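All remarks here apply to the structure that follows.
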Amino acid sequence: MDLGIEGLRVLVTAGGGGIGAAIARAFRDEGAQVQLCDLDLGLLQEMAAEGFGVSACDVSDRGAVAAMFDEVGRTLGGLDCLVNNAGIGGPTGGVDQIAPEDWDRTLAVNITGQFNCTRLAVPLLRQSENASILNIASAAGRLGFGLRTPYAASKWAVVGFTRSLAVELGPHRIRANAILPGIVRGRRQDEVLAAKAAARGVALEAMRIEAMAKASIPEMIEPEQIAAQAVWLASPRARTTSGQAIGIDSDLQSLS
């Protein structure tokens, strides 16, 4: 199926590994021009070797974000799609045990980072004939998530941010949608499960089995599934899809 995105100019934050790298590659394979950023210089080198434009950037740092957008302007000559993928897992523990600085850092990256990028992307997106913003949230953006309150709060905020952007930017023909992944295969999910198992005093494998038992389809999500949804949402085929929070989570019923 030709999605009609040959030459689409795309920026993917935290695109060096995991979900971000899968999204960047999926866009590239459809003929898009992709710029990505990350904090891991080793991952950036690997993605640069694959032909991607890369920038080192902490999305919570407004100066660094501004410098990245200057580079996007030079390398891509504009922007058609912003993928706000950057995010951190944050601390695991009871709300009374979480250090305030860990709370602040989680929200600074997961939601303020999306604002920092979006505010600079919108003037470029207004000039596009097929403009879209894709915000990566989480199933934790629609469910309660015990022992992970900073992360859940930030992802609920992403959904509200997305829906508000859709209303505000729709008249400019800019679509905004959120993707809510469930339990995604990869290193970060392993770290989250390990931290929660330690906090609850149970074995890691027991924690993994319990987590998967809460999904109607007891199967982990592959990063490539999220990437496929992102590419479709950025294509002209999704030109009237906006303001949606789309779960790719095996019909997860609970995260508690």
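The values are calculated or read from the model by the stated rules, or taken from the named source; none is laboratory data. Treat the numbers as computed from the prediction; the structure is a model and nothing was measured. Glycine also receives a Cβ, built like all others from the backbone with ideal geometry; neighbour counts cover every protein chain displayed.
Data overview
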{"item": "Of all residues making up region 66-79, the number that are in contact (Cβ under 8 Å) with a residue 60 or more places away in the chain and either crowded, with 22+ Cβ neighbours inside 10 Å or not hydrophobic (A, V, I, L, M, F, W, C) (or both)", "result": "4"}
{"item": "Residues of region 152-175 that turn out to be surrounded by fewer than 24 Cβ atoms within 10 Å (Cβ to Cβ) and either closer than 28 Å to E210 by Cα or of a type in the set (S, T, N, Q) (or both), as a count", "result": "6"}
{"item": "Qualifying residue in region 206-222 (condition: touching a residue at least 40 places away in the same chain (Cβ under 8 Å) and over 18 Å from A140 (Cα atoms))", "result": "no"}
{"item": "Selected residue (only one of G63, G53 is more than 30 Å from K196 (Cα to Cα), crowded, with 17+ Cβ neighbours inside 10 Å and free of Cβ contacts under 8 Å to residues at least 24 places away in the same chain)", "result": "G53"}
{"item": "Hits in region 198-256 - residues which are in a helix (DSSP H, G or I) and in contact with a Phe, Trp or Tyr (Cβ under 7 Å, 6 or more places away or on another chain)", "result": "V231, A238"}
{"item": "Candidates L41, L82, L36, filtered to the one that is out of contact with any Phe, Trp or Tyr (no Cβ under 9 Å at 6 or more places or on another chain) and either crowded, with 19+ Cβ neighbours inside 10 Å or within 15 Å of N116 (Cα to Cα) (or both)", "result": "L82"}
{"item": "Given (1) at positive phi; (2) modelled with pLDDT under 95, number of the condition R173 does not satisfy", "result": "(2)"}
{"item": "Scope region 26-45; condition assigned to a loop (DSSP other than H, G, I, E, B) and of a type in the set (D, E); matching residues", "result": "E30, D40"}
